[in-house]
Amino acid sequence: MDKNTQIDIPQQHTTLFKTIGKAADELDQSAYVVGGYVRDVYLGRLDTDDTTDIDFVTIGSGIQLAKSVAKKLGSKDVTVFKKFGTAQVKHNGLDLEFVGARKESYRRDSRKPIVENGTLKDDQLRRDLTINALSWSLNEETFGLLQDPFHGVQDLKNKIIRTPIDPEKTFEDDPLRMMRAVRFAAQLKFTIEDETFSAIQKMAHRLSIISKERIIEELNKIVLTHKPSYGFELLLKSGLLEQFFPEMVKLQGVDVKNGQRHKDNFWHTLKVLDNVAAVSDNLWLRWAAIMHDIAKPPTKRFSKSAGWTFHGHDALGAKWTPKIFRRLGLPLDDRMKYVQKLVRLHLRPIALVSDEVSDSAVRRLIYEAGDDIEDLMTLCRADITSKNEWRVQKYRNNFDRVEKKIKTVEKKDKIRNWTNPISGEDIMEVFDVKPGPIVGKVKDKIKNAIFDGEIPNDRDEAYQYLLKLKEDVGEKE
Ligand code: CTP
C-alpha cells in the first residue's frame, strides 16, 4: 500500500472498531468500515462529534455480525431488516449499519435486485463513486488496512468524481447517483471525470424514475454549498436540471433587438444565489434567490421606447412559487410563503430610492414584509450583479439610503407586525351591522389612513376616525 494513504483511524472510534473486528474474528468473517465515513476521514472533514451513521460490510451474514456486536457493546437496540439482509445497532448515539457483501445485478424488466453473496470487491464495485468505495479492514490481523481497488484515494487527491465501473451501469442501477455525483462535486469542489459526465448527459432522462423526495434532498445539499453556482452549472450542462426544473433552464439566453441586449437571467440568478450564499446559510433565502426572476421569460417584452422589460415577473413568479414547490417536493407551509413573499416584493425596496418617495410607501413595504424585511434587503443587495463597479457602488449607496429610510419610519411608526387598532367588533358596533364585506372595507380605510399618515398609529385616534367615517356615511344617506 502507498505510504501516503496510511491514515489513522479516529481515536474516538478505535475501541468500537476493534470490538467489531473481534466479533467478526469470532464468527470467522472479515469486516470492514466503508463509505462516507472512510471518505470523510481522508478528506479531513469527519467531525467525530457530529457522526451519526457508520456503515460496515462483512463477508458473511451482516445480521449475525450485528447481533454479536450488539451483545459485546451491551446494546439491546438491534433492528433487523431480513428482506434486505441488513441490521442496525444503536450505540452511544451512533447508528451502526451492517450488511453482508453482495453481488448485485438488476434485471431490466424488474427493479428488484438479484442478490447473491459476494466478495468485498463485489460490494465496492456496486457503490456509486470511487471515493465512496473505500474500506478499512477491522479484523485484528489486518486492522486499519485500506482496501481501495478503484483508486478512490487517488481520486480524492486529484479531486475527481468517477464511478468504480462503467458509469452507465452504475447510473442504471440507481439514477439518483447522477445527482449524487453532482452533489459531491459541488460540496467538495471536485471535477466530474469526462466519461462519467458523458454518461450523465446520456442518461439524465433516467432521473424520471426517481422520487422527487430523493431528488430534492440532493438538490438542497447543492443549494447549501459554499458557492452553489458550481453545482447548478453542472446540473445545467449535464441535462439533469431540465428533468426537474425546466423553468430555471428557460432563464438561459440573451436576445438582442435594435442593438439592445438583456442580461442572461440564468447566470444572473446564479450570481444572485452566490451573493446570498456568501452572507447567509438560510436555505429558504437561497431559494428566494433561485426563484426571484423565475417568471422573466414569459413577461419579456421589447419596445423602442423602454427597451427590454419584464413587467409583472415579480407577481407572476410569486404565483408560480407554490406550483413549483409542490412539483419539486419542497414544503408548502410558511417556508414556501416566505419565499413567495420575497419573490413578490423583490423589486419594491429599490422603488423607494427617490427622495420624493412618501413615508406611506415605506410603511406599506415594512407592513408587507414584516419580520422578513432584513432578508428582503439582503436579497435585493444580492440582486446587484452589474460588472460596472461604478454602477454597483451607485446601487449600493441607493440601498443604504432606502435602509436608512426604513429604519427611520420603523422607529417612528412601529409598523412591523402591525395589527389594526380597530377590530371587526368595533366596526360592527359603531356601524350597527352584522359580519359582512362592509367590515373589511372599513378596516381597509383605517389601515390606509394610518399608512398614508392621515392619522397616527394609535387606537384613540383611529376610533375617532371610525366615528367620523360613520358620520360621513350618515350624511350621505
Ligand atoms: N451509496 C451508493 N448509491 C447510492 C447511495 C449510497 O452506492 N445511491 C453508497 C455509497 O458507498 C455511500 C454509502 O452507500 O458512501 C452510504 O450512503 P449515504 O449514507 O447516503 O451517503 P454518504 O456517502 O455517507 O454521504 P452523505 O452522508 O454526505 O450523504
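Give the aspartates and glutamates whose C-alpha is closer than 12 Å to that of Lys212, dropping any in the same chain fewer than 8 places away, or say none.
Those aspartates and glutamates meeting the cut-off do not exist here.
Explain nothing, just compute: Karplus ³J(HN,Hα) = 6.51 cos²θ - 1.76 cosθ + 1.60, θ = phi - 60°, for every residue of the range 291-301 in order, whole Hz, x for Gly and Pro.
8, 4, 10, 4, 9, 5, x, x, 9, 6, 9
Could you give the size of the charge dipole of the chain about its Cα centre, using +1 on the Cβ of each K and R and -1 on the Cβ of each D and E, expressed in debye and rounded to the nearest 20?
1300 debye
Considering the range 339-383, what Rg and Dmax in Å follow from its alpha-carbon atoms?
Cα-based Rg and Dmax for the range 339-383 come out at 10.1, 30 Å.
Across the range 170-232, what fraction of all alpha-carbon pairs, as a whole percent, falls in each successive 5 Å bin from zero upward?
4, 20, 29, 25, 18, 5
Rank Leu224, Ile210, Ser280 by how far each Cα sits towards the positive end of the charge dipole of the chain (+1 on Lys, Arg Cβ; -1 on Asp, Glu Cβ) and give me just the farthest.
Among Leu224, Ile210, Ser280, the one farthest towards the positive end of the dipole of the chain is Ile210.
Return the sequence-ordered ³J(HN,Hα) values of the range 79-87 in whole Hz as given by the Karplus equation 6.51 cos²θ - 1.76 cosθ + 1.60 applied to θ = phi - 60°, using x for Gly and Pro.
With coefficients 6.51, -1.76 and 1.60, one gets 10, 9, 10, 4, 4, 9, x, 10, 8 Hz.
Any chance you could run the full-extension gain for Lys411 through Glu140? It's 0.36 nm times the residue separation minus the Cα-Cα distance, nm to one decimal.
Gain on extension, Lys411 to Glu140, equals 90.6 nm.
Taking amide H positions as placed in the peptide plane 1.01 Å from N, state which residues far from Ile192 in sequence (5 or more) or on other chains have amide H under 5 Å from it.
Long-range HN contacts for Ile192: Ile161.
Which value, to two decimals, describes the C-alpha radius of gyration of the range 264-352 once divided by 2.2 N^0.38 Å?
Ratio of Rg to 2.2 N^0.38 Å for the range 264-352: 1.11.
Of the cross-linked pairs Lys157/Lys337; Lys221/Lys387; Lys82/Lys121, which ones have a Cα-Cα span greater than 32 Å in the structure shown?
The answer is Lys157/Lys337.
Within the set of other residues whose C-beta is less than 14 Å from the C-beta of Pro228, count the net charge using Lys and Arg as +1 and Asp and Glu as -1.
Local charge sum for Pro228: +2.
Mind giving me the FRET efficiency for Met377 and Asp281? R0 is 22 Å, r the Cβ-Cβ distance, nearest 0.05 is fine.
The computed FRET efficiency comes out at 0.80.
Counting pairs of Cα atoms in the chain, how many percent are more than 35 Å apart?
51 percent
With the crude spin-label approximation of a point 7 Å out along Cα→Cβ, what separation in nm comes out for Thr48 versus Lys441?
Taking the two extended label points, one gets 7.3 nm.
Give me the net charge of Ala186's neighbourhood, meaning all other residues with Cβ under 10 Å from the Cβ of Ala186; Lys, Arg count +1, Asp, Glu -1.
Result for the local shell: +2.
Considering the dipole of the range 11-158 built from charges on the beta carbon (Lys and Arg +1, Asp and Glu -1) around the Cα centre, which of Gln12, Asn92, Leu156 is farthest to its positive end?
Highest projection toward the positive end goes to Asn92.
State the extension gain, in nm to one decimal, for the chain segment bounded by Ile350 and Thr14, taking 0.36 nm per residue of separation less the distance between their alpha-carbons.
In short, 115.2 nm is gained.
In whole angstrom, and with the biggest value first, how far do the Cα coordinates of the range 348-418 range along each principal axis?
39, 24, 16
List, in order, the whole-Hz ³J(HN,Hα) value for each residue of the range 405-416 obtained from phi through the Karplus relation with A = 6.51, B = -1.76, C = 1.60 and θ = phi - 60°; use x for Gly and Pro.
4, 4, 5, 5, 5, 4, 5, 6, 10, 6, 8, 4
Pull up the cross-link candidates among the lysines for Lys227, meaning alpha carbon to alpha carbon under 18 Å and not fewer than 8 places away within one chain.
Counting by Cα, and skipping residues close in sequence, Lys227 has these lysines nearby: Lys159, Lys189, Lys237, Lys271.
A short reminder: the numbers here are calculations on the coordinates, not readings from a lab. These figures come from a predicted structure and were not determined experimentally. Ideal geometry is used to build each Cβ from the backbone, glycine not excepted, and the neighbour counts take in all protein chains shown.
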